[in-house]
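Inspection log for the structure reproduced underneath, given as structure tokens.
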Amino acid sequence: PFGEPSELAPLAWDFHDAAYAANARPVFYSVGADLIPLWLEMGLGLVKLGEEAVVPLPGFSLQGPERKRLRTTHNRALRDGLSFEVLQPPFAPGFMEELRAISESWLATKAGAEKGFSVGAFDPDVLSQAPIAVVRHEGRTVAFANLWLTETKTSATIDLMRHAENAPGGLMEFLFTELLLHFAAEGYDEFSLGNAPLSGLEVRRGAALSTRLGALVYRHGQQFYNFEGLRSFKEKFDPDWRPIYVAVPPRANLLSIAADVVALIGGGARRGDDARPAGVSR
């Protein structure tokens, strides 16, 4: 959420109270460490979800020996005909349809349909309200990402990122490199590369069961999701890794909460379900 900081705690308490009034349970999904005192005041416990990769932008560049690999791949992408641009609304007629074709090409390679809640979805009404970064290959748009910004220039990130099926190799690394260079030049403090689910969890004696289970899934669940690959990709940009949690009531059924979150991301509970949905806030 963004807005007046003084309004955040009352809003969270309103959700907390409304969930219990509806005989549901309040769950706050993908929250950072800065609000830990609020969750403790509510009597909620924290389950580590993973880590967020945040790149400090002051002084960020491709110069120096520590950036040699990133600089080499970026120069190769430029030689291969890739270019980057940030476009501001209102957009030209036909632009959204161009992006829709890329989005549908991307979705055709993925399992399931369009997602939601904690994952960006292709919605022209939403996309038309904010800047969009595009990557072109020899003049043809092959990738895009909509940008989440505020005038304070404290932080920037992306919501939805998609590319054409036949896009050149190294496209995503080129896009993120250009985004970091762009927002560093614009004077932003940091850029979030998003979360690495289940990252940073360790199997230690005495650790919470949920943490140990998450660490095992991270290490051995590669047939379901490339957790390590996602973290390795983001590690290329030397980010700071910040813990991300799910705030849950005491003695909560974590499997049930996970099922609720998966249902929300997948488009919500099926119509006609008898089960009362939990209250989940992002």
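Each reported figure results from applying straightforward, stated rules to the coordinates on display, with no laboratory input. Here the structure is a predicted model, which means the values were calculated and not measured. With ideal geometry, Cβ positions are generated from the backbone for all residues, glycine too; neighbour counts draw on all protein chains shown.
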In terms of the Cα gyration tensor, with a ≥ b ≥ c the square roots of its eigenvalues, is the range 58-188 rounded because a/c is under 1.5, prolate because a/b exceeds b/c, or oblate?
oblate
What shape does the range 25-114 have by the C-alpha gyration tensor, where a ≥ b ≥ c are the square roots of the eigenvalues, rounded means a/c under 1.5, and otherwise prolate means a/b greater than b/c and oblate the rest?
oblate
Put +1 on the Cβ of every Lys and Arg and -1 on every Asp and Glu Cβ in the range 58-188; which of Leu181, Phe122, Gly139 then has its Cα farthest towards the positive end of the dipole?
Leu181
Quick check for me: using +1 on Lys/Arg Cβ and -1 on Asp/Glu Cβ, what's the dipole size of the range 58-188 about its Cα centre, in debye to the nearest 20?
600 debye
What list of ³J(HN,Hα) values in whole Hz, one per residue of the range 14-29 in order, does the Karplus curve 6.51 cos²θ - 1.76 cosθ + 1.60 (θ = phi - 60°) give from phi, with Gly and Pro shown as x?
4, 5, 4, 5, 5, 5, 5, 5, 8, 6, 10, 10, x, 10, 10, 9
Long-range amide H partners of Leu57 with built H, under 5 Å:
Glu190, Phe191
Whether the range 75-122 is rounded, prolate or oblate, judged on the alpha carbon gyration tensor where a/c under 1.5 counts as rounded
oblate
Exposure proxy order (Cβ contacts within 10 Å, fewest to most) of Thr152, Thr141
Thr152, Thr141
In whole Å, how far is the Cα centre of the range 112-160 from that of the range 20-55?
26 Å
